[in-house]
Amino acid sequence: AQSVAQPEDQVNVAEGNPLTVKCTYSVSGNPYLFWYVQYPNRGLQFLLKYITGDNLVKGSYGFEAEFNKSQTSFHLKKPSALVSDSALYFCAVRDRSKAAGNKLTFGGGTRVLVKP
Amino acid sequence: DAGITQSPRHKVTETGTPVTLRCHQTENHRYMYWYRQDPGHGLRLIHYSYGVKDTDKGEVSDGYSVSRSKTEDFLLTLESATSSQTSVYFCAISEGLAETQYFGPGTRLLVL
């Protein structure tokens, strides 16, 4: 079975400082990995994904994430956080094997609070 | 949220009543999904569809049924709503198995 862990319920960071949101995963095969962001009373918005190739993935709004196979991690990063980055962030994984179907498994979410 | 609408956006109902939520897409994507979002659980897959009249169960399918008679519409039915089904429900779509899922704006359901 596939699973995702986001070990921090909340991350607090000052505006202008680097932001990191942690994610580790478990799949039996190779993973597809995703990050989504959710603003209050909105649906999830896609930020970026890792499918194959370069381990460093760049996405929307200046976010990037690094795939680390040995550590089974896919941490989300932003060099300089903005107050407008305050939101709920979700990591998700899908096992590439056909037997796993097309089921995306989400982590519990990490709330990011960027203070001015 | 572009291309995906959900109705109703908010609903209050009583225990034991049937409830149907609708997801409508204008993207002509093959795959459609229903998730529920609860604090501490992230999003959990209820059911999904891989084509008209083709559906499969997710991890939390008990108490829910779905139907897809047209490419653009995916209905989620709670046959007899319970308080444990109070949640926010999201519809998502994707073009293919490996493609990104895009989410609708959500439906907030309260079962009293």
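The values are calculated or read from the model by the stated rules, or taken from the named source; none is laboratory data. Model, not experiment: these values are computed from the prediction. With ideal geometry, Cβ positions are generated from the backbone for all residues, glycine too; neighbour counts draw on all protein chains shown. These area figures cover heavy atoms from the full protein model, side chains too; ligands, DNA and RNA do not enter into them. Shrake-Rupley method; radii C 1.70, N 1.55, O 1.52, S 1.80 Å.
Counting only strands (runs of 3 or more DSSP E) wholly contained in segment B:25-103, the ones carrying 1 or more residues that are touching a helix residue (DSSP H, G or I) at 6+ places or on another chain (Cβ under 6 Å) occupy B:73-78.
So B:E14 fits all but one of (1) more than 15 Å from the chain's Cα centre (by Cα); (2) under 28 Å from A:Y89 (Cα atoms); (3) of a type in the set (D, E, K, R); what number is the exception? Going through (1) more than 15 Å from the chain's Cα centre (by Cα); (2) under 28 Å from A:Y89 (Cα atoms); (3) of a type in the set (D, E, K, R) one by one, B:E14 breaks only (2).
Residues are listed down the side, and each one gets a yes or a no for (1) more than 13 Å from the chain's Cα centre (by Cα); (2) within 11 Å of chain A (Cβ to nearest Cβ):
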| position | (1), (2) |
| --- | --- |
| B:S61 | no, no |
| B:Y64 | no, no |
| B:L75 | no, no |
| B:S84 | yes, no |
| B:Y89 | no, yes |
| B:T100 | yes, yes |
| B:R108 | no, yes |
| B:L112 | yes, no |
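Residues in segment B:89-110 that are surrounded by 19 or more Cβ atoms within 10 Å (Cβ to Cβ) and closer than 14 Å to B:P8 by Cα: B:Y89, B:F90, B:C91, B:G104, B:G106, B:T107, B:L109. Residues that are modelled with pLDDT under 95 and open to solvent by less than 20 Å² (accessible area, probe 1.4 Å) occur at least once in segment A:16-31. For segment A:60-116, the set of residues classified as more than 21 Å from A:P31 (Cα to Cα) and acidic (D, E) consists of A:D85 only.
Restricting the first member to segment B:71-85 and to residues that are closer than 22 Å to B:G96 by Cβ, and the second to residues that are part of a loop (DSSP other than H, G, I, E, B) and open to solvent by 10 Å² or more (accessible area, probe 1.4 Å), the beta-carbon pairs closer than 7 Å and six or more apart or on different chains are B:T71/B:N28; B:T71/B:V52; B:E72/B:T26.
Checked against (1) within 14 Å of chain B (Cβ to nearest Cβ); (2) crowded, with 18+ Cβ neighbours inside 10 Å; (3) over 12 Å from the mean Cα position of the chain (by Cα), A:L47 passes all but condition (3).
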